[in-house]
1. Could you run the Karplus curve 6.51 cos²θ - 1.76 cosθ + 1.60 with θ = phi - 60° over region 112-124 and give me ³J(HN,Hα) per residue in whole Hz, x for Gly and Pro?
2. Apply 1/(1 + (r/R0)^6) to the Cβ-Cβ distance of S180 and L22, taking R0 = 35 Å, and write down the FRET efficiency to the nearest 0.05.
3. Under 8 Å for C-alpha pairs, at least 6 residues apart: give me the relative contact order for region 104-200, rounded to a whole percent.
4. Once you put a point 7 Å from the Cα of Q42 and another 7 Å from the Cα of Q110, both along the Cβ direction, what distance in nm separates them?
5. In percent, what relative contact order does region 3-290 have, based on Cα pairs under 8 Å that are 6 or more apart in sequence?
6. How many Å³ per residue does the convex hull of the Cα positions in the chain occupy?
7. Can you tell me which of Y29, Y37, Y234 moves the most in a GNM of the chain? Springs connect C-alpha atoms under 10 Å apart.
8. Need one number: nm distance between label points at F275 and I232, each 7 Å from Cα along Cα→Cβ, rounded to one decimal.
Amino acid sequence: MARITASVFTSHVPAVGAAMDLGKTQEPYWQPLFAGYEFSKQWMKDNKPDVVFLVFNDHATAFSMDMIPTFAIGTAAEYSPADEGWGPRPVPKVAGHPELASHIAQSVIQQDFDLTLVNKMDVDHGLTVPLSLMCGEKDPHKDAWPCPVIPFAVNVVQYPAPSGQRCFNLGRAIRRAVESYDEDLNVHIWGTGGMSHQLQGARAGLINADWDNKFLDRLIAEPAELAKVPHIEYVREAGSEGIELVMWLIARGAMADCADGAPAGLQPRVAHRFFHVPASNTAVGHLILEEAAR
Ligand code: DHB
Ligand code: FE
């Protein structure tokens, strides 16, 4: 059967992608940020998944403001990097996994979550920047990403966004879906976006490193309690775009200690933790959690 062996959490700042694409990663501003992902790139090689289930948000790129699904699962065979106004990022196309994606859609919809099926979609920085950070620089003409990806888009762009609690419960349903797939696949689930940032309005530029670090502590140690945090706290403490962090609860909810009947005291192992401010307008947070029994 397929199984989830690890979760990865990372911010998706678009300027990070531009820094990689323009060869600026060793500049003094960027070097400390990229140093925090050196471990992660090696970890990806040492723990290569068969599939990444990548929870991200589209920034009015694939969906536009005309139509915004709350939860959308990518069932396509391939996804192209989107043109966000400066041309598509020069990174490889993203291979999908239509069979596992369709199975997860079937299972999760039957568990009463209304997913939108997306058979064609371009993917913006919300998806390609986490891939670049974890997999390193890739030549679109010569290289490929290390494995297929199932993109899972969450609306955190226009209110109302889903609650942290609903995201956490959805993660638990995704775990059940993965574990009911017959093929023996090693699946990683990623939660992306965040951490604190606000891009507009009177509080533009807001960063709250204390709150972010407490979020990381609680995500590791007490995710079910963290899931109860209401929207208003994200917006007040982490800024309007800090709401992207509810996506991290989907990935965390998919881990073994959050499942029904999990033994008390079961917790994932923290393989890596990194925090850096600022990158562009955003606080960058990053975690790699490995299942205790893999
Ligand atoms: C920035 C961060 C984001 O999450 C985003 O989607 C766009 C811009 C920023 O920090 O500039
Ligand atoms: Fe964003």
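The values are calculated or read from the model by the stated rules, or taken from the named source; none is laboratory data. Owing to the predicted nature of the structure, the values given are computational and were not obtained by experimental measurement. Cβ sites come from the backbone with ideal geometry, for glycine too, and all protein chains shown count toward neighbours. Heavy atoms of the whole protein, side chains included, go into the accessibility calculation; ligands, DNA and RNA do not. Shrake-Rupley method; radii C 1.70, N 1.55, O 1.52, S 1.80 Å.
1. Coupling constants for region 112-124: 6, 9, 8, 8, 8, 8, 10, 8, 8, 6, 8, 10, 8 Hz.
2. On the way: r = 44 Å, r/R0 = 1.25.
E between S180 and L22, to the nearest 0.05, is 0.20.
3. Numbers: 28 pairs, mean separation 35.8, N = 97.
Reported as a whole number, the value is 37 percent.
4. Spacing of the two 7 Å Cα→Cβ label points: 4.4 nm.
5. Numbers: 623 pairs, mean separation 84.6, N = 288.
Once divided by the residue count of region 3-290, the mean separation gives 29 percent.
6. Numbers: hull volume 36.6 nm³, N = 294.
With only Cα atoms used, the chain gives 124 Å³ per residue.
7. Y29
8. According to this spin-label approximation, the distance is 2.5 nm.
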